[in-house]
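The values are calculated or read from the model by the stated rules, or taken from the named source; none is laboratory data. What you see is a predicted model; the values in this text were computed from it and never measured. Heads up, the Cβs are rebuilt from the backbone with ideal geometry, glycines too, and the neighbour counts pull from every protein chain shown. The accessibility values were calculated without ligands, DNA or RNA, using every heavy atom of the protein model including side chains. Shrake-Rupley method; radii C 1.70, N 1.55, O 1.52, S 1.80 Å.
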Amino acid sequence: MHPWLRPAWAVVASVTLALPLVAQRNVPATYAITNARIVPVASGPIPSGTVVIRDGLITAVGATVAVPADAQVVDGSGLTVYPGFIDAYGTLGLPAPAPGGGGGGGAAGRVAAATNARPAGAPNSTNVVGMQPEVAVTDVLDPDAASFTAAHAAGLTAAFTATGTGVFRGSAALINLAGTDVSAMIVRPGVAQSVGFSRGGGGFGGGGYPGSLFAVFAALRQELLDAQRYHELKALYDRNPRGRNRPAYDPSLEALQPVLTKQQPVVMFANSEREIIRALDLAKEFDLRVMIAGGNEAYRVADRLKAENVPVLLSVNFPRRAAAPAGGAGGGRGGAAASPDEEPELMRVLRERVEAPKSAGRLATAGVRFAFQSASNFTEYLANVRRASEAGLPADQALRAMTIAPAELLGVSDRLGTIEAGKIANLTITRGDLFEKGTRVTELFVDGRPITIPAPAAGAQNARTP
């Protein structure tokens, strides 16, 4: 039992301990967080209230909620309870790439074992690795015990996760960030088809295809045209198969059918203005439901995003100042060294550093729907959300971008995103208000199970200057 839990009644605890082990496993886990400030998001904050959790679900929330007799009580004095934060795009839950692996390693390599004759990927695909929309992230999830430690410290309880390489990256899923039981982690499979604009690399076969941004969009367009023709041929055959040769089954083109009928949205990972415009043009040509992930320069095309009702899964991994190694200059998102010849690029990074935190506020002003993604920078996630708020995004909208907004965009708002009875008990608990400097995450509940976040060691705070 966690040290911050105590039984509501000692007699209940003694009876529970007396039960046989098998019976104990079948007793629903019940918790009551009491005396806490609660921010349901679906309604106004509750200055002091109680949240009751039973068997993984929220069963009651309010200022006058009774504590069940069998509940393990969490004293929430001085704590604030939020809906569990949702990472709106990333690769959480995927195995780390093999050391020295190229574009064909990592998550894509877990779909099927690689052979000398064939790169890893969907085993019966007619397309090269990186052009296989039939790949499903649920088939390659493989978290280890420490997979979510950093994400938990950032308050994240769920994530929209996709394979991280290639052009057609396959079907992405919404997962809960707890444990290693993949079947129990999956909240909603098949949320969207994920598309990236990666170019070249071993993941596309020996020729490095496609090898340019132009070639990437040509390949995307051709595969969508092939999927349209495949649909027509199948429809003709299904109406009157007699006397016709059946169309050859193509798993890649089959996987794109829900995309073409707008049953499944497409998430296009695009950061630059040029990439975003090309993504929007492609979506318009094929009448796709599209979302932009990354979106570093989405504010530059905010009017079009609003007009075409395209949401953004916005990265808050802002550019930051980084110490330069001896003899070189530094800068950019990763702090990579740069030569003096690259000074114009460094000036661009300086502009990005100023403009990036303003992006969310600009999208909000334009009426563009958006949700926040960490871009795997968990240590700076909450600090960067605060920076977005300080740069013009109201705090309540920033909180929505971490909770109900991603839940709505990813089709899980009926089970996540707010603190309401009947929803999955994903909760993020902080000591202090989220938008106050120095506030940290102390506990989480994921699927109704508590996770304690250790206090950072003295001197372990991130000291980088934004």
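Listed values, structure above:
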| read-out | value |
| --- | --- |
| Qualifying residue in the range 219-234 (condition: small (Gly, Ala, Ser), modelled with pLDDT of 95 or more and open to solvent by less than 40 Å² (accessible area, probe 1.4 Å)) | yes |
| Answer residue from the range 416-425, given it is assigned to a loop (DSSP other than H, G, I, E, B) and touching a Lys or Arg at 6+ places or on another chain (Cβ under 9 Å) and is surrounded by the fewest Cβ atoms within 10 Å (Cβ to Cβ) among those | Gly422 |
| Subset of the range 55-91 [part of a strand (DSSP E or B) and open to solvent by 60 Å² or more (accessible area, probe 1.4 Å)] | Leu57, Thr59, Asp75 |
| Hits in the range 377-425 (condition: touching a residue at least 60 places away in the same chain (Cβ under 8 Å), of a type in the set (D, E, K, R) and within 18 Å of Ala151 (Cα to Cα)) | Glu380 |
| Criterion (more than 14 Å from Ala88 (Cβ to Cβ) and open to solvent by 10 Å² or more (accessible area, probe 1.4 Å)) met by exactly one of Ser413, Ser389 | Ser389 |
| Some residue of the range 279-290 being modelled with pLDDT under 95 and among the aromatic types (Phe, Trp, Tyr) | no |
| Per-region count, the range 36-52, residues part of a strand (DSSP E or B) and open to solvent by 60 Å² or more (accessible area, probe 1.4 Å) | 3 |
| Residues that are closer than 15 Å to Glu297 by Cβ and open to solvent by 40 Å² or more (accessible area, probe 1.4 Å), drawn from the range 355-374 | Glu355, Lys358, Arg362 |
| Residue tally, condition open to solvent by less than 60 Å² (accessible area, probe 1.4 Å) and either among the hydroxyl-bearing types (Ser, Thr, Tyr) or at pLDDT below 95 (or both), over the range 256-269 | 0 |
| Criterion: of a type in the set (Phe, Trp, Tyr), part of a loop (DSSP other than H, G, I, E, B) and more than 14 Å from Ala42 (Cβ to Cβ) - qualifying residue of Phe445, Phe435 | Phe435 |
| Residues (assigned to a helix (DSSP H, G or I) and open to solvent by 10 Å² or more (accessible area, probe 1.4 Å)) located in the range 392-410 | Ala395, Asp396, Gln397, Leu399, Arg400, Ile404, Ala405, Glu408, Leu409 |
| Filter result (more than 17 Å from Arg431 (Cα to Cα), at pLDDT 95 or above and of a type in the set (S, T, N, Q)) within the range 16-42 | Thr30 |
| Residue within the range 113-133 that is within 20 Å of Gly190 (Cα to Cα), at pLDDT 90 or above, touching a helix residue (DSSP H, G or I) at 6+ places or on another chain (Cβ under 8 Å) and open to solvent by less than 50 Å² (accessible area, probe 1.4 Å) present | yes |
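For (1) of a type in the set (Phe, Trp, Tyr); (2) at pLDDT below 95; (3) open to solvent by less than 20 Å² (accessible area, probe 1.4 Å), each residue gets a yes or a no:
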residue: Ala151; (1), (2), (3): no, no, yes
residue: Ala159; (1), (2), (3): no, no, yes
residue: Thr165; (1), (2), (3): no, yes, no
residue: Ala173; (1), (2), (3): no, no, yes
residue: Asn176; (1), (2), (3): no, no, yes
residue: Ser183; (1), (2), (3): no, yes, no
residue: Arg188; (1), (2), (3): no, no, no
residue: Ser212; (1), (2), (3): no, yes, no
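For every residue, the table says whether it meets (1) touching a helix residue (DSSP H, G or I) at 6+ places or on another chain (Cβ under 9 Å); (2) farther than 20 Å from Gly84 by Cβ.
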| site | (1), (2) |
| --- | --- |
| Ser359 | yes, yes |
| Gly367 | yes, yes |
| Ser374 | yes, no |
| Asn377 | yes, no |
| Val385 | yes, no |
| Ala388 | yes, no |
| Ala391 | yes, yes |
| Ala395 | yes, no |
| Thr403 | no, no |
